[in-house]
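Asks: Let me begin by handing over the structure; questions about it come next.
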Amino acid sequence: MEEYSESARQVFRLFDTLRTYWTENPGSLLRLGGAVVLFAVVYLISRLVRHKLLPWAQKRVDRRKNRLPGILLKGFSKPLPVLIWVLGLYAALFFLPLPDAWLDELLRWALRLLRIALIGLLAWGLIGSSDIAPMMVQNVQGKLDVEVDKTAAAFINKILKIVVICFAVVMVLGEMNFDVNGLLAGFGLAGLTVSLAAKESATNLFSGLILITEKPFSLGDWIQTGTVEGSVEDIGFRSTRVRTLDGSLVTVPNSQLCADNIVNATQRTLRMLRFTLGVTYDTPRATIESLMEELRTMLSAREDVDSSTVRVRLTGFSASSIDILVQCAVKTPDLAVFLATQEQINLEILDIMQRQGAEFAFPSQTVYMKQE
């Protein structure tokens, strides 16, 4: 109870000091009004910049071929208005009607907070402008003939954001008078301990780097592994996210992807059509030969089939059918187009079977009854 009473007495003494100062300085209310007006004007300017000036400048910059100003303007479109009214708030503090000792102490703390705010706003803008990394990668690719795709660019984008955040945190801690060197040394020792304990995470990180450099797939590719099949949506430091056909999002550790066989369906140029056509055993040899010849002619004549891959051969004798292998490659990587082509080929096979007088075989058994 005594502590609360002492705090209340300090507050009353504070107000008494301010009242005495305002009484001895008749222009105090005018200075206070000036501070409020200054901050209000600067705040209105920041809103004008945010909603009018920046959108107008963005449209003008987007018309140019150089993308760098547009990316930077877009990244700093939110921090810049905040910076304006932060500077206005700091400027308004100089007009506050306070005793000189109080005002000097307030401005000293305000200056430190202003530097911290500037660091945070700069980091905010740089993170928002991180799309500059893919653009720089594309410039390097064009000048140095270095092959870098959008997957590697996205990975570099993430690294850039992490680097900016780390530098911003270190600078803020320095402004708060922390021993940054000792802190970094402690982080280094802690990082060594964590790295020894997190062997699996390190493995996933290096596996992610391998996926980026070797590029078995890129963002948007359709892949198939032993455990997942779908479209690649993101490649991170620890894992890769794959969107399956039913819309589910599967997160696969990078180390598991590197250890598994990966089929990249997007990079294929052909789709193989292969099946066995079974005809009945009572089909004459001449009919079978004519049937195979017409099948070869039909498949080779199609523009959507690679004629060099056409194979129609009698491969064996099953329990209920004479087996004819039908194989060809359809000139499309798209599954929907492949299925439509497969349907047309199957319908033509039906017509050929009817013209040749051949019948499809189906599983059957012949039972012989012994007469006594």
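The values are calculated or read from the model by the stated rules, or taken from the named source; none is laboratory data. Small disclaimer: the values here were computed from a predicted structure and weren't measured. Methodologically, a virtual Cβ is constructed for each residue, glycine included, from the backbone with ideal geometry; neighbour enumeration extends over all protein chains shown.
Asks: Within segment 301-355, track down each residue that is of a type in the set (S, T, N, Q), over 37 Å from the mean Cα position of the chain (by Cα) and more than 21 Å from Glu289 (Cα to Cα).
Replies: Scanning segment 301-355 gives a single hit, Gln344.
Asks: What are the pairs with Cβ atoms under 8 angstrom where one residue, in segment 70-87, is over 11 Å from Leu54 (Cα atoms) and the other, located anywhere, is among the polar types (S, T, N, Q) and modelled with pLDDT of 80 or more? Sequence gap at least six, or different chains.
Replies: Val82/Ser46; Ile84/Ser46; Trp85/Ser46
Asks: Looking only at segment 328-364, which residues are closer than 14 Å to Ala265 by Cα and among the hydroxyl-bearing types (Ser, Thr, Tyr)?
Replies: Thr332, the sole residue that qualifies.
Residue-by-condition table, conditions (1) surrounded by fewer than 16 Cβ atoms within 10 Å (Cβ to Cβ); (2) of a type in the set (Ser, Thr, Tyr); (3) modelled with pLDDT of 80 or more:
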{"position": "Ile84", "(1), (2), (3)": "no, no, yes"}
{"position": "Asp104", "(1), (2), (3)": "yes, no, no"}
{"position": "Ala123", "(1), (2), (3)": "no, no, yes"}
{"position": "Asp145", "(1), (2), (3)": "yes, no, no"}
{"position": "Ile165", "(1), (2), (3)": "yes, no, yes"}
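Asks: Hey, among Ala152, Ala92, which residue is buried (at least 17 other Cβ atoms within 10 Å of the Cβ), modelled with pLDDT of 80 or more and in a helix (DSSP H, G or I)?
Replies: Values: Ala152 fails: modelled with pLDDT of 80 or more.
The match here is Ala92.
Asks: Within segment 207-302, considering only strands (runs of 3 or more DSSP E) that don't extend past its boundaries, which have at least 3 residues that are exposed (fewer than 15 other Cβ atoms within 10 Å of the Cβ)?
Replies: Working: elements: 222-224, 229-235, 239-244, 249-253, 271-279.
Of the strands (runs of 3 or more DSSP E) lying wholly inside segment 207-302, those with at least 3 residues that are exposed (fewer than 15 other Cβ atoms within 10 Å of the Cβ) span 271-279.
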